[in-house]
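In what follows, a single structure is set out as structure tokens and then discussed.
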Amino acid sequence: MKRLLTTLAVSAIALAALPARADTLVDNVQGIAINAEGKVERFSALWIDDDGRIRQVLDRSDARPRSIERVVDGEGRYVIPGLIDSHLHVMGIGFGAMTLDLSDTSSLEEAQERIAAYAAEYPGRPWIIGRGWNQVKWGLDRFPTASELDAAVADRPVWLERVDGHAGWANTVAMQQAGITAETQPPAGGRIERVSGSRQPSGIFVDAASELVQKFVPAPNPNDRDIALAKAQEILLRQGITAAADMGTTIEDWQAFRRAGDNGSLNVRIIAYAAGTEQMELIGGPGPSPWLYEDKLRLNGVKLYLDGALGSRGAWLKRPYADDPGNTGLPLQNPTRLRNLMSRAALDNFQIAVHAIGDAANGELLQAIDELAETYKGDRRWRIEHAQVVDTADLAKFGEHGIIASMQPVHQTSDRIMAEQRLDETRLQGAYAWETIRRTGSRLAFGSDAPVESADPFAGLAAAMSRTGPAGEPFGGWRPSERVNREQALAGFTANGAYAAYADGRFGRLVAGERADFLIIDRDPLLATPQDLRATKVLQTWVGGQLVYQSDVQ
């Protein structure tokens, strides 16, 4: 197949050596842009100025500029805006690529084999760390235990985070090093699972209790963080993600982002939300940071947690779990503290993003926003992260106060069977209710929650428009009335993502004046079937008018 870039017969290596600043015409493409109303507009060329901004969007009848330093022949391929993931964990993606990954294991036995093999491969590592296990996917009706982890590795401490990051699995040596005994009490907002019929810890620590072990795990050094950031960027750019909201940024993460910006290796736009108000103050001081490195980095606000996750039964529900009577989950903040934290952030104009999964958590947060909006006026763009299970009586409230519903379509396809076990029919009516929330007037900003899920945005697009999983199940989609149309799905990963991060007008829509962030892909996402859409290949990724990723296969 002919190469995508044919101008001057340049190779991929030569392209990398082209001037970073040059007027560029990307011509002969089938372009898709999102207008101010969220509607699709087609174009055939992009004229990019030497500042990396779009100077003009051209259709076939428009005259091309005569004097251009660089012309790129798109050979009729498809161009879409660079995709924005509105909720992920940048360093988690990078460290996930550097440590043990159990996300593709389908049984406890397979996981044990993988853990043992990893420990044998790295005999010098003092701790074995990783993430991705999922007891629901393994077909267990319980959590795994320390003794089952000991069967894989008994001579060194092992600490493995659950796929959702809301529970950790420790072996006996890890618990011994952490000083955890039958007398150890969980902190507020946490739960220590116990061996049946005793007070002996089973090896599973949920939500805030995870810190009892986590604080003994050796912390990565700055070089580790720089490597993790580089790996994360490589993964994201390969998948077509040009901008991401980093949920839970620490001062150490921020410094890694700044080092990359200073040395010119920051290519993914990172919109940071600090990991709590203390980190917010350390990073931002008196308020959100300015946009740095030509709109590559900004501290927007703060990420707060109100509850846990469905998979670990930490999501805060109004009534007990259908499969665990007596358990309503774990509220991580009481109502007063939640409002105090939100007020502290709002006082200095930090944007507030709150994790809320269960219907009790969403109800409490919606009420808090309603109360605080009376004091903190203006364009606040309050963000609710996940909004997975909402009481149907509360759904209409999403349309008030300019609330952003930051949701992850692939959670619905991954969680479907588990959600049916955890929730009854009444609560399922308000679960993953994208279209209902959209119709209230709330703006949907889509993401992946990577590394909890794959960052692949085309899987997210396919799920959003079909409510089906990778194998096309269930037929016709799960609760298909809640799917969104193709244009709305694409807007959720582009224009709406920019709006949710106060980046509208800077990037996200492929219009004159915005940064030239775009993808060249092998198919039309507005015409492909959901299955075909999942197979989309990103041929090139451009950020600010610069080629930052090119596939080996064109």
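The values are calculated or read from the model by the stated rules, or taken from the named source; none is laboratory data. What you see is a predicted model; the values in this text were computed from it and never measured. For neighbour counting, all protein chains shown are included, and Cβ atoms are generated from backbone atoms with ideal geometry for every residue, glycine included.
Annotations
- Search result, residues across region 449-479 that are of a type in the set (Phe, Trp, Tyr) and without any contact (Cβ under 8 Å) to a residue 40 or more places away in the chain: 475
- Members of region 107-139 found to be more than 14 Å from residue 154 (Cα to Cα) and basic (Lys, Arg), listed by number: 114, 131, 137
- Filtered by the rule that a residue be assigned to a strand (DSSP E or B) and under 10 Å from residue 78 (Cβ atoms), region 519-547 gives 519, 520, 521, 539.
- Once region 419-466 is narrowed to residues that are in contact with a Ser or Thr (Cβ under 9 Å, 6 or more places away or on another chain), acidic (Asp, Glu) and part of a loop (DSSP other than H, G, I, E, B), the residue that is farthest from residue 531 (Cα to Cα) is 453.
- Scanning region 503-515 for residues that are in contact with a Phe, Trp or Tyr (Cβ under 7 Å, 6 or more places away or on another chain) and crowded, with 24+ Cβ neighbours inside 10 Å, we see that the one that is modelled with the lowest pLDDT is 510.
- Screening region 353-404 for residues that are buried (at least 19 other Cβ atoms within 10 Å of the Cβ) and polar (S, T, N, Q) and picking the one that is nearest to residue 491 (Cα to Cα) gives 388.
- Any hit, region 328-335, residues being in contact with a Pro (Cβ under 8 Å, 6 or more places away or on another chain) and either more than 27 Å from residue 456 (Cβ to Cβ) or surrounded by fewer than 24 Cβ atoms within 10 Å (Cβ to Cβ) (or both): yes
- Residue, modelled with the lowest pLDDT, within region 151-184, restricted to residues that are out of contact with any strand residue (DSSP E or B) (no Cβ under 8 Å at 6 or more places or on another chain) and not aliphatic (A, V, I, L, M): 164
- Between 373, 361, the distinction of being touching a residue at least 40 places away in the same chain (Cβ under 8 Å) and of a type in the set (Gly, Ala, Ser) belongs to 361 only.
- Of the residues in region 493-506, at least one is of a type outside the set (Ser, Thr, Tyr) and in contact with a helix residue (DSSP H, G or I) (Cβ under 6 Å, 6 or more places away or on another chain).
- Test: residue in region 151-161 that is free of Cβ contacts under 8 Å to residues at least 12 places away in the same chain and surrounded by fewer than 22 Cβ atoms within 10 Å (Cβ to Cβ): no
- For region 376-395, a tally of residues being in a loop (DSSP other than H, G, I, E, B) and either in contact (Cβ under 8 Å) with a residue 60 or more places away in the chain or basic (Lys, Arg) (or both) returns 5.
- Residues satisfying the stated conditions in region 162-207, i.e. acidic (Asp, Glu) and crowded, with 24+ Cβ neighbours inside 10 Å: 207
- In region 49-67, the residues that are more than 15 Å from residue 508 (Cα to Cα), surrounded by 15 or more Cβ atoms within 10 Å (Cβ to Cβ) and among the aliphatic types (A, V, I, L, M): 58
- Considering 472, 441, 505, the condition of being farther than 19 Å from residue 37 by Cα and of a type in the set (Gly, Ala, Ser) is satisfied by 472 alone.
- For region 144-152, the condition holds for at least one residue, the condition being that it is under 28 Å from residue 419 (Cα atoms), under 30 Å from the mean Cα position of the chain (by Cα) and not hydrophobic (A, V, I, L, M, F, W, C).
- Of all the numbered requirements in (1) over 26 Å from residue 270 (Cβ atoms); (2) touching a residue at least 24 places away in the same chain (Cβ under 8 Å); (3) hydrophobic (A, V, I, L, M, F, W, C), residue 528 misses one, and that requirement is (2).
- Hey, residue 406 part of a strand (DSSP E or B) and at pLDDT 95 or above or not: yes
- Just one of (1) in a helix (DSSP H, G or I); (2) out of contact with any Gly (no Cβ under 7 Å at 6 or more places or on another chain) fails for residue 345. It is (2).
- Odd one out for residue 471 among (1) out of contact with any Lys or Arg (no Cβ under 8 Å at 6 or more places or on another chain); (2) modelled with pLDDT of 95 or more; (3) assigned to a loop (DSSP other than H, G, I, E, B): (2)
- For region 516-536, the count of residues that are acidic (Asp, Glu), crowded, with 24+ Cβ neighbours inside 10 Å and out of contact with any Pro (no Cβ under 6 Å at 6 or more places or on another chain) is nonzero.
- Matching residues in region 215-259 - criterion: being closer than 21 Å to residue 160 by Cβ and basic (Lys, Arg): 215, 225, 231
- Residue 37 meets each of the listed conditions (1) in contact with an Asp or Glu (Cβ under 9 Å, 6 or more places away or on another chain); (2) at pLDDT 50 or above apart from (1).
- Scan of region 485-502 for residues that are surrounded by fewer than 23 Cβ atoms within 10 Å (Cβ to Cβ) and in a loop (DSSP other than H, G, I, E, B), ordered by number: 485, 502
- If you go through region 397-417 and keep only what is out of contact with any helix residue (DSSP H, G or I) (no Cβ under 9 Å at 6 or more places or on another chain) and more than 24 Å from residue 468 (Cβ to Cβ), you end up with just 402.
- Considering region 236-247, and only residues there that are in contact with a Phe, Trp or Tyr (Cβ under 7 Å, 6 or more places away or on another chain) and either among the aliphatic types (A, V, I, L, M) or assigned to a strand (DSSP E or B) (or both), the residue that is surrounded by the most Cβ atoms within 10 Å (Cβ to Cβ) turns out to be 245.
- Residue within region 311-319 that is surrounded by 19 or more Cβ atoms within 10 Å (Cβ to Cβ), without any contact (Cβ under 8 Å) to a residue 40 or more places away in the chain and under 20 Å from the mean Cα position of the chain (by Cα) present: no
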